[in-house]
Amino acid sequence: MTGKDIPIRAGLKTRRIDVDYLARVEGEGALMVDVVDGELRDVQLKIFEPPRFFEAFLQGRALTEAPDITARICGICPVAYMMTAVHALEAMLGIRPDEGIRRLRRLLYCGEWIESHVLHIYMLHAPDFLGFDDAITLAREHPDVVKRGLRMKKAGNDIVKLLGGREIHPINVRVGGFYKIPAVATFTALLDELKWARDAAAETVFWAAGLDIPDMHRDYEFVALRHDSDYPFSEGRIVSSRGLDVEMAQYPNHFAEHQVPHSNALHSVRKPDNTPYFVGPMARYNLNRDRLSSATRKLACEVGFDRTVDNPFESIVVRALEVFQAFDEAIGLIDNFFVPARAAEVVPAGGGVGVAATEAPRGLLFHRYEVGEDGLITLANIVPPTSQNQLTIEEDLRDLVASNLRLSERELTMRCEQAIRNYDPCISCATHFLRLQLRHG
């Protein structure tokens, strides 16, 4: 994790930053930056974690198995993976669960966003802003801060455990609804801790906004879901800051994946110009600020975030605002509990094509399934948020390095790693598939 100056000849100097293993990200990746004679030549975010072929695992399996299989793609955001599969297959089968199920699903998403965002804010990202190498050192110097984060995360875990059956890789979600609806009393028992956590989330917003945040601004195309009335989890249309507004099923018409030599994860681009785009908390926030609760909007205004956010280093504040939003919505859902008519709708026989997109903590997640009349999956396509952000991350690094060559090797290396962690990249999610081309000659 150190960069080296490599002299080429008198009067010409090549700076090469090699980060062999990125720390404080989920999965295995590396970074390479080349600067020749004061000019940036190349930036590569190298994702070398082996592909895990989940789409191939799904072929030949019953459609009802998809949620449990896809949940295993990620231990941090399993809810998003299983629920995207559920929504895609329900859309194909014409299943429309009642309002009670819809509200419980939103509550489940609240739990996962809290789990994921709080982990990233406190354990993975905050050390960068405070000058610590890791969360262990941060905990020694600021134990109360870390304890606050751990308690908040546990509150999110409790929501997922209640509705999902366990904190990691839930087992209570199915096509059509849930296997079992917990008793109302078990939800209301969470309220006191959730109200404490909402106050702690507000403290987190002020704390994050007070960090020493590097100044960097870029003209991104933000892409996210947008719902008619709610802050987006799993419903709505795909929109962008440059005018895109389409149904979920139109995703393949506007986005494409391709393989690059230095990564085991596919890069995603916007059609037709093959340009990068940005998914995740900043995209959601910029495209849906008017869908936040009144309490979240008030809090955002108090910290100066009632505006478009185009500095990726400010994503830590946006994540903190989304944590507050998730706690605020979770409390509202429980306070106004709506008992579902049944735990799940009947799953009819049949096949077809099912498509859905949801908002995982890290951004837009797309699933597409082709299913035979026998109910067996014949083809699956999953596009995770990290794949969609890879090209944007590399472009961030290009701008960052080009404008910070005055920094020492260590400082520039640390700033580059921090820039990658702005996106909370889930590398294990991204290496779900590798396109293989065989040429016979």
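The values are calculated or read from the model by the stated rules, or taken from the named source; none is laboratory data. These numbers were taken from a predicted model, which means no experiment stands behind them. In this analysis, Cβ positions are derived from the backbone assuming ideal geometry, glycine residues included, and neighbour counts consider all displayed protein chains. Just the protein is used for accessible areas: all its heavy atoms, side chains included, with ligands, DNA and RNA removed. Shrake-Rupley method; radii C 1.70, N 1.55, O 1.52, S 1.80 Å.
Filtered by the rule that a residue be among the acidic types (Asp, Glu), assigned to a helix (DSSP H, G or I) and either over 26 Å from Val160 (Cα atoms) or open to solvent by 30 Å² or more (accessible area, probe 1.4 Å) (or both), region 291-327 gives Glu302, Glu314. The residue of region 392-412 that is modelled with the lowest pLDDT, among those that are among the polar types (S, T, N, Q) and in a helix (DSSP H, G or I), is Ser403. Look at region 292-305: where a residue is under 17 Å from Ala326 (Cβ atoms) and a partner is acidic (Asp, Glu) and in a loop (DSSP other than H, G, I, E, B), sitting 6+ places away or on another chain with Cβ atoms under 6 Å, you get Ala300/Asp306. In region 193-223, the qualifying residues are those that are without any contact (Cβ under 8 Å) to a residue 60 or more places away in the chain and closer than 30 Å to Ala402 by Cα, and the one that is surrounded by the most Cβ atoms within 10 Å (Cβ to Cβ) is Glu221.
This table checks each residue for (1) at pLDDT below 70; (2) assigned to a helix (DSSP H, G or I); (3) under 14 Å from Val401 (Cβ atoms); (4) open to solvent by 80 Å² or more (accessible area, probe 1.4 Å).
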residue	(1), (2), (3), (4)
Met1	yes, no, no, yes
Leu40	no, no, yes, no
Gln44	no, no, yes, no
Gly60	no, no, no, no
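Candidates are the residues of region 163-192 that are open to solvent by 60 Å² or more (accessible area, probe 1.4 Å) and touching a residue at least 40 places away in the same chain (Cβ under 8 Å); the one that is farthest from Glu65 (Cα to Cα) is Thr188. Just so you know, in region 211-244 the residues that are part of a strand (DSSP E or B) and of a type outside the set (A, V, I, L, M) include one that is nearest to Glu394 (Cα to Cα), and it is Phe222. Cys416 satisfies every condition listed in (1) touching a strand residue (DSSP E or B) at 6+ places or on another chain (Cβ under 8 Å); (2) open to solvent by 10 Å² or more (accessible area, probe 1.4 Å) except (2). Do we have any residue at all in region 238-253 that's of a type in the set (Val, Ile, Thr) and either under 22 Å from Ile316 (Cβ atoms) or open to solvent by 30 Å² or more (accessible area, probe 1.4 Å) (or both)? The answer is no; no qualifying residue exists.
When Ile76 is tested against (1) over 13 Å from His367 (Cα atoms); (2) of a type in the set (A, V, I, L, M, F, W, C); (3) touching a Gly at 6+ places or on another chain (Cβ under 9 Å), exactly one condition is not met: (3).
Of the set (1) aliphatic (A, V, I, L, M); (2) within 30 Å of Gly375 (Cα to Cα); (3) modelled with pLDDT of 95 or more, all apply to Met152 but (2). Among the residues of region 390-407, those identified as farther than 22 Å from Ala265 by Cβ and either open to solvent by 50 Å² or more (accessible area, probe 1.4 Å) or touching a residue at least 24 places away in the same chain (Cβ under 8 Å) (or both) are Ala402, Ser403, Leu405, Arg406.
Would you check which residues across region 345-361 are open to solvent by less than 10 Å² (accessible area, probe 1.4 Å) and not in a strand (DSSP E or B) and list them? Before you say what the answer is, go through the steps one by one.
Of the residues in region 345-361, the ones open to solvent by less than 10 Å² (accessible area, probe 1.4 Å) are 354, 356-361.
The answer is Pro361, and nothing else.
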